[in-house]
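As structure tokens, the structure follows; a few thoughts come after it.
The values are calculated or read from the model by the stated rules, or taken from the named source; none is laboratory data. It should be emphasised that the depicted structure is a prediction, and the values quoted were computed from it without experimental measurement. Note that each Cβ is placed from the backbone with ideal geometry, even for glycine, and that neighbours are counted across all protein chains shown.
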Amino acid sequence: MKRAIRASSFALAMAGAFLQAAAAGQSPRQVRPPIKTPAEEANYLAYTQAEAVASFLSALAARTPELRVSTAGRTLPTGEYGARDIFLAVLAGRPAAAPADLDRSKPTVLFTAAQHGNEQSAKEAALWLLRDLAAGDLKPLLAKVNVLIMPQTNPYGNFRDVRANELGLDMNRDHVKLEAEGVRAIHRVFTAWRPEVTIDVHEKGDDYYRVSIGCVSNANIAAPLQDFSRRVVLADVERALKGKNIAFFEYLVTEELGVDTSSGAARPEERRGPREEMKRYSTTDLNDGRNSLGVFETLSFIQEGASRHDLETLKARTAWQYSGLRAFLESVAGHAPEVVKLVGGLRARLLQRAASRADNDPVHLRMEYARDPAAPELRLRRFARGAAAPAAGRVLRVDKKAGETVTAADFVPAPPGGAGVEDEVVKHWFPNVRPTLSVTRPRGYIVRGGRLDIVETLLALGVEVGMFERDAVVEAEAYEVTAVVPSAADYEAPATIDVAARAVKAPVKKGDFYVGCVQPAANLAPCLLEPQSAYGLVRYWKFNLVPEAGGLFEVLRYTGKDAPAVIPYRPWRP
Ligand SMILES: [Zn+2]
């Protein structure tokens with residue numbers, strides 16, 4: 001029945017287009033009805049699934065020379081849901097089917113959406129943006145920017161309307177070990193196309209601030225990127241959204257004071273007394289999509305749209321997300337030459353810094369959120385506690401962070417009379433990030449030939465790896481582990497790991513690997529390979545890297561005067 005109704009309204013639309021064309025003296029063949037997004041097609045009564053994404057991209061690509069679509073990966077099949085392609089849409093004034101075709105005088109912006117499958121408006125808004133760039137009023141932006149869009153990185157999660165992917169993984173905590181195919185696809189695209197700007201689209205809980213964007217926060221990422229993000233891009237977005245009456249604030253995370261839950265570790269629920277809350281900007285962790293691309297000196301962002309995770313509000317929340325993404329892209333396009341110069345300059349500078357290995361230019365392995373004496377408090381607006389968000393008859397009982405599981409029990413009926421808004425003063429405000437452990441960047445690291453699991457992960461992250469072609473003895477530093485207390489949970493750094501560096505003459509064998517630090521991953525490689533890193537592979541049980549006390553950490557720091565004689569290992573790009 002529904003199908004028949006839709007078909008007849010389509011026929012009416014076609015007839016209308018024909019009549020308009022006839023009136024304008026055009027051949028009807030030149031006129032096509034405007035393409036609706038899948039969500040518009042369904043009147044926002046259903047979440048868009050992978051099949052509809054494929055049909056939509058096919059229809060858009062058939063009429064848009066500026067659009068090239070490819071497959072960036074494929075999810076794994078499960079008993080309940082088959083494998084699905086993960087698409088990459090490339091929109092460029094000079095069409096680009098491959099990275100070499102891109103006009104690099106313009107900034108390239110990568111949008112990734114719906115890593116968390118139940119954050120549905122992220123994907124719907126990305127498809128809307130894609131349509132308007134390909135066939136709508138945003139098309140003129142393609143004169144200034146190249147746009148890459150991965151609208152649905154977690155088709156399984158979208159289908160089941162759950163946060164995790166088909167392996168049960170939280171994809172936005174998987175950007176170091178890369179077990180999720182959707183995450184591998186993101187890094188494949190990033191490495192191949194090397195965009196100057198990235199933004200990862202999510203949903204947070206219901207919130208007065210309908211749109212929030214966060215920028216990079218890991219202290220290894222050059223400070224001018226964070227500064228430009230706030231001073232230019234976020235300010236532009238805030239201004240544009242104000243004009244549309246959409247409340248905006250930089251993305252904030254609320255946690256219990258003294259607790260950091262960003263690692264993604266599944267810790268047992270602790271029974272504690274009530275604690276005070278603190279607020280900070282988004283995580284410094286590198287297993288998060290934003291910093292994992294930001295650490296390559298990228299203007300990297302996360303957008304979080306307010307959400308009650310129900311179909312009733314899908315249209316409204318998709319519109320907020322779209323407005324944020326549109327304002328974001330317009331800001332980047334408005335500063336296009338500056339963006340190319342800023343990012344290009346910092347990427348070149350990182351290579352110089354890594355080559356010169358100055359003592360005063362360390363890599364930060366641990367950091368903490370810190371107060372700002374100049375800004376001890378933060379003033380915000382929020383929905384009155386216990387009051388309603390407008391429109392629908394129920395509200396979240398507690399504020400839920402992005403993508404946390406929301407069940408019926410989390411909702412309470414909204415009191416009549418609509419939403420009240422009140423001021424909030426945040427007393428525990430931690431806007432800064434302060435390094436607490438740093439090391440000098442070595443010339444490189446030595447990884448044993450048997451550790452293909454490590455090397456393949458590095459390659460998938462876009463880290464360049466070399467290989468020794470003959471046995472040799474090289475100058476190196478080995479870490480002797482003086483004390484170690486392993487972590488209680490996967491994804492967490494050892495509770496204690498004390499090390500002492502010893503200069504050694506290290507025998508290397510043909511087939512051993514060398515990870516040089518003079519490369520775009522100059523900051524990422526030490527963060528991944530140092531034993532005391534809070535961002536390292538040592539955190540993930542699958543790598544089994546935590547040594548015994550008294551033992552040696554198996555990755556060595558290469559200290560030879562000259563770069564060792566190695567050949568590139570699997571240097572070909574995806
Ligand atoms: Zn999310």
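Things worth noting here:
- Of everything listed in (1) under 19 Å from Phe328 (Cβ atoms); (2) within 14 Å of the ligand (Cβ to nearest atom), the single unmet condition for Asn158 is (1).
- Pairs with Cβ under 8 Å, 6+ apart, first in segment 51-70 and closer than 13 Å to Ala96 by Cβ and assigned by TED's automatic domain parsing to the domain that holds Ile86, second loosely packed, with under 12 Cβ neighbours inside 10 Å and polar (S, T, N, Q): Val69/Ser58
- Thr191 falls short on exactly one of the conditions (1) away from the ligand (no atom under 16 Å from the Cβ); (2) within 17 Å of Asp285 (Cα to Cα), and that condition is (2).
- Test: residue in segment 95-104 that is surrounded by 14 or more Cβ atoms within 10 Å (Cβ to Cβ) and within 21 Å of Ala46 (Cα to Cα): no
- Note on segment 201-298: enclosed helices (runs of 4 or more DSSP H) holding 1 or more residues that are surrounded by 15 or more Cβ atoms within 10 Å (Cβ to Cβ) and within 16 Å of the ligand (Cβ to nearest atom) are 289-294.
- For segment 453-505, the set of residues classified as without any contact (Cβ under 8 Å) to a residue 40 or more places away in the chain and either touching a helix residue (DSSP H, G or I) at 6+ places or on another chain (Cβ under 6 Å) or more than 17 Å from Leu545 (Cα to Cα) (or both) consists of Asp471, Val473, Arg502, Lys505, listed by residue number.
- Checked against (1) touching a strand residue (DSSP E or B) at 6+ places or on another chain (Cβ under 7 Å); (2) more than 14 Å from the ligand (Cβ to nearest atom); (3) under 18 Å from Tyr81 (Cα atoms), Thr153 passes all but a single condition, namely (2).
- So Pro107, is it more than 21 Å from Glu166 (Cβ to Cβ), out of contact with any Gly (no Cβ under 6 Å at 6 or more places or on another chain) and free of Cβ contacts under 8 Å to residues at least 60 places away in the same chain: no
- Any chance Arg557 is in a strand (DSSP E or B), basic (Lys, Arg) and either buried (at least 18 other Cβ atoms within 10 Å of the Cβ) or in contact (Cβ under 8 Å) with a residue 40 or more places away in the chain (or both): yes
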